[in-house]
Structure formats: C-alpha cells, structure tokens
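Take a look at the following structure, please.
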Amino acid sequence: MAEPSPGVGTGSVVGNSGPVEFDRDLDHHRRILRMAGDALGMVRRQDHDGLLAELADFLEHSSDGQADLRTLIGVLVQECAAMVGTFTGPSGVPRPAEPVRVEVLDRQSRPVPIDTLEPPVRTMIRIMLAAGYGDPMAAEEQLDLALREAGARELIHLFSLGLTWTVHLAQECARRGLAVVEWARPALD
C-alpha cells in the first residue's frame, strides 16, 4: 500500500480485492508475501515464539523495517477486507448496498462497542471496514495515522491482529468453498 516511487521496480500483487502496491523489486515483493504466509502458518500453529523470531529476522534484514512492517500490515488488512467482501457478494464481488458487519466479541461472546476497544483494535477495524467498502484512501489514512502514532508495541499488536483475522477469515472462506489467495494458504495447511 506504499506509494510506488517512479522508475524501475514498481509493481503490485493482486489479492482478492485489488493490488497492494510495492516500490521495490520482485524479490522484495516475494519476501513480503513469503513473510506474510509464513507468519500466517505460525499463527495457525500457535507458534508465537517462532513468529516473533521470524519477524525479528525479517526486520533485521530489511533496509526499511517500518516501511516493510507497514506493507505487511497493509497486505493483511487488504486481504481481510477482500475476504469479508466475498461473503457479501456473488463471485467475490462485494455489493455496496449490503453492509459489511465487523464486530469484536468479549469473553462471553457479547459485542463490544468499537469506541471502547484498545486503539490498535479500533484502528484495524476501521482500516478493514474502509477497505471492505472500497475506500482505499480512507484505509490508507487510518493505517498512516496508526503507524505514525504507534510505538513498537502497537505496531506488533496491529501485525498480530492482521494475522489472526486473516487466519480466521481464510478458514471461513475455505469452509464456504471460497478461494484463498496462494500466499495466504499457510493459514489453512
């Protein structure tokens, strides 16, 4: 979701809902998606220590860790929004007239108002809803705001939420017989 810079090496990877822009070479694209897929597999297996070690290694070998973490979060959020959209329309095409409902439940399975949630959770929901409703600029603004104000703990929380929700949504897509993009398949395997 980063702005592509002019010149060689710009490109995009298409998820269910559209492209996620990259501003580096194809190897970098693959590295981002490989990390996202590996992280999804670790979340599915509940390998939290492995996930933290993998993320630390990924960021250590990154020329711009914050930008790469932002791109990872953007890829996950966009794919979450795309999968939510597949539930509301035929052939994966979201129907704008139908509302997209996202809720957070407490331990007793009761809905929790969005304004009472921790800021990273509230932000992720707003980002996903904006993307799900086809407003990538609003989603980008929310993500920019979250990343600008987030410390290391909040960034990891945003990444963790994106992973957890992507795993759950990918599993729900598979349960309903809907396609899951290749890079997100580790959420199912």
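Have a look at ALA170, ALA138, ALA184 and point out the one that is in a helix (DSSP H, G or I) and over 15 Å from ALA39 (Cα atoms).
Details: ALA170 fails: over 15 Å from ALA39 (Cα atoms); ALA184 fails: over 15 Å from ALA39 (Cα atoms).
Result of the check over ALA170, ALA138, ALA184: ALA138.
Can you pull out the residues in the stretch 102-138 that are touching a residue at least 24 places away in the same chain (Cβ under 8 Å) and more than 15 Å from VAL84 (Cβ to Cβ)?
Passing the criteria: GLU118, PRO119, PRO120, VAL121, THR123.
When only residues in the stretch 32-49 that are part of a helix (DSSP H, G or I) and among the charged types (D, E, K, R) count, which is least open to solvent (accessible area, probe 1.4 Å)? Walk me through how you get there before you give the answer.
The initial filter retains those residues of the stretch 32-49 that are part of a helix (DSSP H, G or I), namely 32-44, 48-49.
Narrowing further to those that are among the charged types (D, E, K, R): 34, 38, 44, 49.
Working: ARG34: 135, ASP38: 61, ARG44: 79, ASP49: 124 Å².
Per the criteria, the residue is ASP38.
Among the residues of the stretch 105-124, what is the count of those that are surrounded by fewer than 18 Cβ atoms within 10 Å (Cβ to Cβ) and either touching a Lys or Arg at 6+ places or on another chain (Cβ under 8 Å) or closer than 15 Å to GLU154 by Cβ (or both)? So that I can check it myself, show each step before the final result.
At the first step, the residues of the stretch 105-124 found to be surrounded by fewer than 18 Cβ atoms within 10 Å (Cβ to Cβ) are 105-119, 121-122.
Cutting the leftovers down to either touching a Lys or Arg at 6+ places or on another chain (Cβ under 8 Å) or closer than 15 Å to GLU154 by Cβ (or both) gives us 114-115, 117-119, 121-122.
Final tally of qualifying residues: 7.
Let me confirm something: among GLY89, GLY65, GLY85, which residue is at pLDDT below 90 and either open to solvent by 20 Å² or more (accessible area, probe 1.4 Å) or of a type in the set (Lys, Arg) (or both)? Don't jump to the end; show me each part of the working.
On the way: GLY89 fails: either open to solvent by 20 Å² or more (accessible area, probe 1.4 Å) or of a type in the set (Lys, Arg) (or both); GLY85 fails: either open to solvent by 20 Å² or more (accessible area, probe 1.4 Å) or of a type in the set (Lys, Arg) (or both).
From the options GLY89, GLY65, GLY85, the qualifying one is GLY65.
How about the stretch 139-159: which of its residues are without any contact (Cβ under 8 Å) to a residue 12 or more places away in the chain and surrounded by 14 or more Cβ atoms within 10 Å (Cβ to Cβ)?
Selection gives GLU141 alone.
The values are calculated or read from the model by the stated rules, or taken from the named source; none is laboratory data. A quick note: this is a predicted structure, and the numbers were derived from the prediction, not measured. Neighbour counts are summed over all protein chains in view; Cβ atoms, including those assigned to glycine, are modelled from backbone coordinates with ideal geometry. Protein only, heavy atoms only, side chains kept; ligands, DNA and RNA dropped before computing areas. Shrake-Rupley method; radii C 1.70, N 1.55, O 1.52, S 1.80 Å.
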